[in-house]
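Here's the structure, in structure tokens; my notes come after.
Just so you know, all these numbers are worked out from the coordinates, no wet-lab data involved. Nothing here was measured: the structure is a model prediction, and the numbers come from that model. Here the Cβ is made from the backbone with ideal geometry for all residues, glycine too, and neighbour counts use every protein chain on show.
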Amino acid sequence: LDVVNNNRETIYNGECYKGFKLLFSNLGYPNQITACDRLINYYSKKGFKAINNIVDCYNICSVLFSSPMGLHDASKINGDITVKIANGNEEILPMFKTTRKKILPGDLVYVDSENCLCWMGKEDLDSDEYKVTDETTSIFIMAIGNEKTTSEYNLRICEKIYELIKMSCPDAIFQVNSTILE
């Protein structure tokens, strides 16, 4: 709790945070409350909520680096991941929900060959179909970045998550699959 409250100004003034606010504004959502905002607000009001060692490491880094990212069970991903602008035919099952939502055309998504893993636009959320659980044995982290972040910054976020995970999973292996989109 103190880490969030003592660093709130730094988080909100960081280039990464500003870049995501700009990204959502460019998508037509200037007042979007990002997943990172929701975590910051939750932690400020109720304190840190432990879920499991993997999700906790991810949430801590999301807040400290002021970056909404994706954390997914890698074993559930089918084929390559594609980042794209939604055409309006996509749907997502939001995390912890039972009803699918239609994604608006023009919003940003990333998908595998079968489903949408993440929706960034009118909503900023991940799919329940790919959530990390206590049974998860391999994870996929998406540090999508924005025009104000560098690929090195995004990699540093993933490395920090891995460093924290290694504290409770000393046999964990880190593999980078980096694609830079212009």
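Odds and ends about this structure:
- Global form of the range 118-182, assessed from the alpha-carbon gyration tensor, a/c cut-off 1.5: oblate
- Per-residue extension of 0.36 nm, minus the Cα-Cα distance of Asp80 and Asn52, leaves a gain of 7.4 nm for this segment.
- Its relative contact order, with pairs defined as Cα atoms under 8 Å and 6+ residues apart, puts the range 67-138 at 36 percent.
- Evaluated with a Cβ-only charge set (Lys, Arg +1; Asp, Glu -1), the chain carries a dipole of roughly 640 debye about its Cα centre, given to the nearest 20.
- When the chain is treated as a GNM with alpha-carbon contacts under 10 Å, the residue of Ala74, Ala35, Ala172 showing the greatest mean-square fluctuation is Ala172.
- Shown is the FRET efficiency for Cys169 and Lys131, computed with R0 = 22 Å from the Cβ-Cβ distance and rounded to the nearest 0.05: 0.75.
- Sum of side-chain charges, Glu91 neighbourhood, beta-carbon under 9 Å (Lys, Arg +1; Asp, Glu -1): +2
- Gained length - Glu114 relative to Asn87, 0.36 nm times residue gap less alpha-carbon distance: 8.2 nm
- Dividing the helix sum by the residues of the chain, where each DSSP H run of 4 or more adds -39500 (n - 2.57), gives a mean residue ellipticity at 222 nm of -11500 deg cm²/dmol.
- Mean-position separation - Cα centroids, the range 129-156 and the range 28-42, in angstrom: 18
- Shape class of the range 1-76 from the alpha-carbon gyration tensor: oblate, with a/c at 1.5 or above and b/c at least as large as a/b.
- Ser138 paired with Val176, simple spin-label distance in nm, labels 7 Å along Cα-to-beta-carbon: 2.0
- Each of Glu15 and Glu147 was given a label point 7 Å from its Cα along the Cα-to-Cβ line. The distance between the two points is 1.4 nm.
- Set of aspartates and glutamates with alpha-carbon distance to Lys102 below 12 Å, sequence-local pairs under 8 removed: Glu90, Glu91, Glu123
- Neighbourhood charge, 11 Å Cβ-Cβ cut-off, centred on Leu22 and excluding it, Lys, Arg +1 and Asp, Glu -1: +1
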